[in-house]
Amino acid sequence: MTETEIRVVVVDDHQIVRDGLVALLGALEGMEVVGTAIDGVDALHVVEETTPDVVVMDIRMPRLDGIEATRRITGRHEGVRVVMLTMNEDDDTVLSAVRAGASGYLLKGSGADEVRNAVRAAYAGGMVFGASLAGRVAALFAGGARQKPQAFPELSDREREVLDLLAAGRSNDAIAGELYLSSKTIRNAVSSIYAKLHTAGRAEAIIKAREAGFGQGEARLPGD
């Protein structure tokens, strides 16, 4: 391995796309594919185990989508960059990806050179968008794309992460597993959320959270 070799993880739920990206990136000088993942949950584990420089991430995947996975990865691993590679090109999705911490956004029709250059630019600390998106993204930010005020600003980032999973119906033990935290830490966070939101318990907190847009993933029956 050379000193400048870029360590890459590829995340996509379609094997043919995943294998194609592995072949493309693995053949490039100065890059090494150190892991692959089939969805966002798998990506969290693979990134934890391999500590890559860049993650090439799909958006629409089962269990945990690429945007939420990106938010968690960039929040926990300061040096890891994420490049989204997806079929989704609507403005809201692009902005959500950038706000989640993505360093690049390409469409799956992008050429090999575009993908290679995006990975290298992200590794170098830059931001890159596909040719068909660059102008639109610039216009969105130049126009000051409006962002809704953050709901529940009294909560910490960790508490907001817990609340999002709580609102999706996850049990305390399930939340602990997804966030790699102890059950006691989650119980303390949940109690703090109840106090800060002035709610009487889990059901009321879930209702208030979902009204604010939390818990938009897979819904489950609430319970401890």
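Against the longest principal axis of the chain, how steep is helix 157-167, in degrees 0 to 90 to the nearest 10, with axes from Cα atoms?
Approximately 70 degrees, to the nearest 10.
Considering only lysines 8 or more places apart in sequence, or on different chains, count the pairs in the chain whose C-alpha atoms sit under 30 Å apart.
Values: Lys108/Lys148; Lys148/Lys196; Lys148/Lys208; Lys184/Lys196; Lys184/Lys208; Lys196/Lys208.
For the chain, qualifying lysine pairs total 6.
Using the Cα centre as the reference, give the magnitude of the dipole from point charges on the C-beta atoms of region 6-142 (Lys, Arg: +1; Asp, Glu: -1; all else neutral), rounded to the nearest 20 debye.
About 280 debye.
To the nearest 10 degrees, how steeply does helix 202-211 sit against the main Cα axis of the chain, on a 0 to 90 scale?
50
Taking neighbour Cβ counts within 10 Å as the exposure measure, how do Ser192, Ser96 sort from fewest upward? Numbers along the way, then the final one.
Details: Ser192 16, Ser96 19.
Ordered from fewest to most neighbouring Cβ atoms within 10 Å, Ser192, Ser96 come out as Ser192, Ser96.
Out of Gly79, Gly35, Gly104, any idea which swings most in a Gaussian network model of the chain, alpha carbons joined below 10 Å?
Sorting by GNM fluctuation, first place goes to Gly79.
Please give the calculated 222 nm ellipticity per residue for the chain, where each DSSP H segment of at least 4 residues contributes -39500 (n - 2.57) and the sum is spread over every residue; nearest 500 deg cm²/dmol?
-15000 deg cm²/dmol
From the C-alpha gyration tensor of the chain, pull out the three semi-axes of the equivalent ellipsoid (sqrt of 5λ each), sorted largest to smallest, in whole Å.
Three semi-axes, in Å: 33, 20, 15.
Compare the Cα positions of Leu44, Gly177, Gly201 along the charge dipole of the chain (+1 at Cβ of Lys, Arg; -1 at Cβ of Asp, Glu; about the Cα centre) and return the one farthest towards the positive end.
Farthest towards the positive end: Gly201.
Readers should treat all values here as calculations from the given coordinates under stated rules, not as data from a laboratory. Since the structure is predicted, the reported quantities are computational estimates derived from the model, not experimental observations. Don't worry about glycine lacking a Cβ; one is built from the backbone with ideal geometry, like all the others, and counts go over all protein chains shown.
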